[in-house]
Amino acid sequence: MRKTDGFTGTGALVRLALRRDRIRIPVWVVSVVGLLYFSAASQPGLYQTQEQIDAYGRMVTQSSATVAIAGPVTGLDSLRGIVMYETYLTVISAVSILAVLMMSRHTRAEEESGRTELLRATEVGRHAGAAAALIATSGTCLLIGAGMALVLPATPLTLADSLVYGAAMSALGIFMAALTLCFAQVFVHSRSVSGAGLAAFLVFYLVRAIGDVRDDATVWFTPIGWAQATRVPTEDRLWPVLLPLLGSVLLLAVAVRLAERRDFGAGLLPSRSGPARASRLLSGPVGLAWRQQRGALLAWSVALGLCGALIGTLGTSMQDMVRDNPALADYLASTQAGSVIDAYQATFALIMTLAIAGYAIWAAGRVLTEEGEGRTELVIAGPVGRVRSVVSDLVVAGGGVLVLLVVAGFSSGASYAAVVGDRAQGLRILVAPLIYFPAIAVLLGVLLLAYGWAPHWTWVGWLVLAFEVVIGWLGGVLGLPDWIYQFSVFDRAPRYPAEDLSAAPLLAMGAGAALLLSVGLVGFRRRDLR
Amino acid sequence: MDAAISVSGLVKRFGRFTALDRLDLKVEVGEVHGFLGPNGSGKSTTIRVLLGLLRADAGQVRVLGRDPWRDAVRLHRHLAYVPGEVSLWPNLTGGEVIDLLARMRGGVDEGRRADLLERFELDPTKQCRSYSKGNRQKVALVAALSADVELLLLDEPTAGLDPIMEAEFQEVAREEVARGRTILLSSHILAEVESLCGRVSIIRDGRTVSAGRLRDLRGLSRTSVTVRLQRQDELGDVPGLRVLDVVDGEIRAEVDSDRIGAVMALFAERGIESLVVHPATLEELFLRNYDDPGGVKHGVPTRPGLPA
């Protein structure tokens with residue numbers, strides 16, 4: 001056997017991967033680059049004078065919490081620095097998540113489904129599938145980098161900034177892809193592979209946060225630190241881009257070694273056996289839905305808990321800022337001091353709640369997956385009615401959403417109260433996310449309406465969520481016209497604690513959600529099971 | 001007593017495609033009814049209509065005396081189903097799925113569950129994502145067979161099973177019928193249908209092309225004969241006899257069932273050296289119904305009303 005035999009057929013498999021992802025790849029590239037462009041291009045409008053720019057720089061470098069979140073960015077005395085600081089976190093997350101999910105989808109998921117077996121029985125080498133996946137994923141990361149280099153010079157960033165920024169992000173994506181390839185050799189199931197990849201990203205992020213706060217060499221142990229070492233926009237160093245690329249080559253060698261040690265379809269870690277009997281809890285559709293969702297709910301609770309705690313402790317930096325900055329203190333005093341902190345906390349409550357809405361759509365959207373996989377059939381072929389089956393899934397999803405809202409509120413409220421010593425304010429923060437429950441219920445209603453009447457259209461649920469994210473998260477930054485806000489349910493909820501609580505919009509949303517859900521259920525009762 | 005399943009004139013369309021085109025089906029209480037048809041002929045669609053998963057566009061459908069669309073939940077208390085393509089929850093073990101499905105139907109019959117697990121040699125501690133197709137099928141079979149129900153709807157239940165398990169399934173199916181249950185068995189394994197089923201319905205392009213007792217269907221068909229004669233002359237034009245081929249003096253032929261006596265007499269006159277006679281196999285019935293694109297030409301005519 002020649003050495004290259006293992007890679008026979010790689011070209012054909014790359015074409016297959018591109019054919020399968022002919023929609024996904026452009027969507028990813030355009031949304032990442034587009035989001036980045038709009039966010040970067042809007043900064044000059046927000047910080048028009050040098051004083052405003054300096055105030056911004058002081059604000060983010062003063063507290064260790066802000067440094068922990070997005071790291072020290074150099075050159076905060078200019079708009080270029082602000083652009084970097086504002087966009088950095090979004091791009092590294094997007095590129096890393098893309099690389100992990102795409103690799104897992106094209107390697108282990110394919111192997112698990114048995115499709116790889118079909119291909120491997122033809123004239124295709126052992127490593128061809130992995131190589132093709134890596135080429136397609138790396139290519140997508142390079143496209144994002146190229147897109148950045150192309151559009152960012154139209155923002156405050158220079159051409160050199162854009163080139164190095166794009167190169168660093170592409171290299172980070174390629175590194176994450178190579179790492180995921182190693183995980184794909186170790187774990188048998190694609191969910192474990194993508195889970196391990198995303199966990200690795202979180203670890204890299206945390207290590208970077210620790211390194212940045214301590215301001216020491218720890219940052220060199222994480223690929224995110226390598227990307228930061230390019231020091232855009234002050235120095236625009238290109239050599240740190242080599243680090244993730246070298247790392248990728250090493251990881252590839254490891255992946256090849258691992259792949260040669262394992263059987264097809266097997267991993268290096270065996271899959272565990274489980275209980276022979278179902279627990280009491282697993283006796284009906286509710287128990288079944290709980291079993292399907294509990295893992296994700298736990299992971300989300302932990303993540304949101306950490307997030308909330310971080311946001312809560314930022315409260316101190318707000319306090320510090322007011323104390324250390326007489327000018328700012330005067331400003332706050334002139335515009336009702338409390339309201340700025342309230343506005344800040346209301347904004348974070350909204351951001352966390354939008355993330356929780358993503359969980360809601362995922363959890364409720366499982367009804368569609370279950371039906372497509374033919375598992376709903378097994379349940380409702382028993383004496384379980386259609387409505388009961390779907391409502392069980394929804395109740396568990398809705399319960400999960402409530403739990404997450406409480407976790408988000410509690411972690412940010414309690415940490416704020418603990419750090420600042422202001423219990424009343426902590427309590428108000430605790431309540432803030434819960435106010436969005438009716439809004440999330442409306443999103444679920446839209447999803448179920450589509451599910452009941454036109455199951456091919458359930459992606460509308462995600463579309464509505466994307467709209468809400470753009471409005472809620474970036475609305476101010478993008479400078480969208482006012483009329484667009486009236487279509488946003490999240491915008492209709494009172495921005496507590498910045499605004500006063502009022503029951504009327506919440507009740508109206510609740511009623512709307514109930515109506516949508518009922519109409520959706522009627523549709524599901526009437527239609528054929530797919 | 002009412003039939004367990006009675007379907008007449010069932011029509012089901014998916015957009016412009018007509019999946020079921022005036023299909024008839026009658027399954028009596030206490031029988032194993034074979035449900036045959038080529039791929040894509042509408043067997044699974046029919047079963048899913050019987051379960052109330054799909055809504056009939058026209059026709060009468062009664063299962064255990066109920067309308068499966070309107071009365072699905074109450075009906076399902078009395079039946080169990082094994083889908084053709086078994087998909088299970090990847091993160092549950094086989095044992096958990098069996099318990100879950102049983103509990104949703106009212107409870108687990110512990111003795112029956114243990115007995116079936118042993119007979120089908122199924123390891124209930126494995127996660128469903130690591131089961132092979134055959135093992136997933138076994139999970140669905142154990143769940144369905146351990147349920148205390150009147151009617152079993154089995155859609156190609158043995159497609160992934162090995163011959164030993166297949167034999168075990170036939171054994172269990174016979175026990176079920178002996179206990180008074182009714183089985184609708186869709187299958188491509190004709191030997192299985194021949195050994196289990198008293199009556200069959202053969203469908204094609206969503207229409208019943210042949211139905212009745214296996215014995216009667218055979219009677220309506222031709223008998224296969226392989227014969228070696230001392231004198232072969234003048235065999236050419238015998239009414240009711242169709243010679244297929246002659247190899248080394250051995251004649252393979254088909255005889256119309258009502259002419260068999262006359263043909264045998266003719267053979268006897270010419271001195272029989274060896275003779276093998278067997279009735280039409282299900283396979284021959286089956287192929288005869290399918291191999292010509294025009295539908296029912298020289299096969300058995302549609303007779304849903306044949307005496308059972």
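Every read-out reported here was derived from the displayed coordinates using simple, explicitly stated rules and does not represent laboratory data. Bear in mind the structure is a predicted one, so any value in this text is a computation, not a measurement. Note: ideal-geometry Cβ built from the backbone for every residue, glycine included; neighbour counts use all protein chains shown.
With the contact rule set at Cα under 8 Å and sequence spacing of 6 or more, what percent relative contact order holds for the stretch A:285-526?
Value for the stretch A:285-526: 27 percent.
Tell me, what ³J(HN,Hα) does each residue in the stretch A:111-121 have, in order and in whole Hz, if you take phi through Karplus 6.51 cos²θ - 1.76 cosθ + 1.60 with θ = phi - 60° and put x for Gly and Pro?
5, 5, 6, x, 6, 4, 4, 4, 6, 5, 6
Please arrange B:LYS12, B:LYS126, B:LYS138, B:LYS133 by counting, for each residue, the other beta carbons lying within 10 Å of its beta carbon, fewest first.
B:LYS133, B:LYS126, B:LYS12, B:LYS138
Say a paramagnetic label sat at a point 7 Å from the Cα of A:ARG120, along Cα to Cβ; which residues of the stretch A:257-299 have their backbone N under 15 Å from it?
A:257-269
I need the per residue convex hull volume for the protein assembly as shown, using only the alpha carbons, in cubic angstrom as a whole number.
For the protein assembly as shown, the hull spanned by Cα atoms encloses 204 Å³ per residue.
Roughly how far apart, in whole Å, are the Cα centres of the stretch B:245-273 and the stretch A:341-418?
Using only Cα atoms, the two centres lie 76 Å from each other.
Based solely on its DSSP helices, what 222 nm [θ] is calculated for chain A when runs of n ≥ 4 H residues each add -39,500 (n - 2.57) and the sum is averaged over all residues, nearest 500 deg cm²/dmol?
When only DSSP H runs of four or more count, the value is -25000 deg cm²/dmol.
Tabulate in residue order the Karplus-calculated ³J(HN,Hα) for the stretch B:225-231, using 6.51 cos²θ - 1.76 cosθ + 1.60 with θ = phi - 60°, rounded to whole Hz; enter x for Gly and Pro.
Along the stretch B:225-231, the couplings run 10, 10, 9, 10, 10, 6, 10 Hz.
How high is the relative contact order of chain A, in percent, counting Cα pairs under 8 Å that sit 6 or more residues apart?
14 percent
Given labels modelled 7 Å from the Cα in the Cβ direction, how far is it in nm from A:SER273 to A:LEU250?
4.0 nm
Antiparallel as a % of all DSSP beta bridges within chain B, to the nearest 5?
Counting only bridges with both partners in chain B, antiparallel ones make up about 70 percent.
Would you pull out the residues with amide H under 5 Å of B:LEU36's amide H, same chain only if 5 or more places away, H placed 1.01 Å from N?
Here the answer is B:SER201, B:ILE202, B:ILE203, since their amide H atoms fall under 5 Å of that of B:LEU36.
Given contacts defined as C-alpha pairs under 8 Å and at least six residues apart, what's the relative contact order of the stretch B:222-278, whole-number percent?
52 percent
Apply the a/c threshold of 1.5 to the C-alpha gyration tensor of the stretch B:222-278 and tell me whether it is rounded, prolate or oblate.
Rounded is the answer for the stretch B:222-278, as its axis ratio a/c remains below 1.5.
Taking amide hydrogens as modeled 1.01 Å from N in the peptide plane, which residues meet the under 5 Å criterion relative to B:ARG207, leaving out close sequence neighbours?
Placed amide hydrogens put B:ASP21 under 5 Å from B:ARG207.
Which one of B:GLY249, A:GLY520, B:THR226 is farthest out on the positive end of the charge dipole of the protein assembly as shown, using unit charges on Cβ (Lys, Arg +1; Asp, Glu -1) and the Cα centre as origin?
A:GLY520
Put a dot 7 Å past each Cα toward the Cβ at B:ARG213 and A:ARG423; how far apart are the dots in nm?
For A:ARG423 paired with B:ARG213, the spin-label model returns 8.8 nm.
Of A:ILE210, A:LEU98, A:GLY305, which is farthest on the positive side of the dipole of chain A, counting Cα position, with +1 on Lys and Arg Cβ, -1 on Asp and Glu Cβ, and the Cα centre as origin?
About the Cα centre, the residue reaching furthest to the positive side is A:LEU98.
Short version: ³J(HN,Hα) in whole Hz for each residue of the stretch A:5-20, in order, from phi by Karplus 6.51 cos²θ - 1.76 cosθ + 1.60 (θ = phi - 60°), x for Gly and Pro, what are they?
Going residue by residue, I get 4, x, 10, 4, x, 4, x, 4, 5, 4, 4, 4, 4, 5, 5, 5 Hz, with x marking Gly and Pro.
How would B:HIS188, A:HIS456 line up from fewest to most surrounding beta-carbon atoms within 10 angstrom?
Taking fewest neighbouring Cβ atoms as first place, the list is A:HIS456, B:HIS188.
Can you tell me how much longer the chain between A:ALA511 and A:THR234 gets when fully stretched, taken as 0.36 nm per residue apart minus their C-alpha distance, in nm with one decimal?
94.3 nm
If the label point is 7 Å along Cα→Cβ of A:ALA296, which residues in the stretch A:514-530 have backbone nitrogen under 12 Å from it?
none
Set the Förster distance to 41 Å, then compute FRET efficiency between B:ALA265 and B:LEU287 from the Cβ-Cβ distance, nearest 0.05.
0.90
Taking chain B as a Gaussian network, Cα atoms linked when under 10 Å apart, which of B:ASP155, B:ASP248, B:ASP123 shows the biggest mean-square fluctuation?
Largest GNM mean-square fluctuation: B:ASP248.
Once fully extended, how much extra length lies between A:ARG525 and A:ALA154, figured as 0.36 nm per residue of separation less the alpha-carbon to alpha-carbon distance?
Extra length from A:ARG525 to A:ALA154 when fully extended: 128.2 nm.
Which listed residue (A:THR369, A:TRP457, A:PHE467) has the Cα farthest towards the positive end of the charge dipole for chain A, taking +1 on Lys and Arg C-beta and -1 on Asp and Glu C-beta about the Cα centre?
Of A:THR369, A:TRP457, A:PHE467, it is A:THR369.
With +1 on each Lys and Arg Cβ and -1 on each Asp and Glu Cβ, and nothing else charged, work out how big the dipole of the stretch B:60-211 is about its Cα centre, in Debye to the nearest 20.
Dipole size: approximately 640 debye.
Translational D (Stokes-Einstein, µm²/s) of the stretch B:1-150 at 4 °C and 1.567 mPa s when Rh comes from the Kirkwood sum over C-alpha pairs?
The Stokes-Einstein estimate is 77 µm²/s.
Where the only charges are on Cβ atoms (+1 Lys, Arg; -1 Asp, Glu), what is the dipole of chain A about its Cα centre, to the nearest 20 debye?
The calculation lands at about 2180 debye.
Going by C-beta contacts inside 10 Å, put A:ARG20, A:ARG214 in order with the fewest on the left.
Lowest to highest Cβ neighbour count: A:ARG214, A:ARG20.
Rounding to the nearest 20 debye, state how big the charge dipole of the stretch A:3-261 is about its Cα centre with +1 on each Lys and Arg Cβ and -1 on each Asp and Glu Cβ.
860 debye
In nm, to one decimal, how far is the A:TYR485 label point from the A:ASP5 one, both placed 7 Å along Cα→Cβ?
Distance between label points: 6.8 nm.
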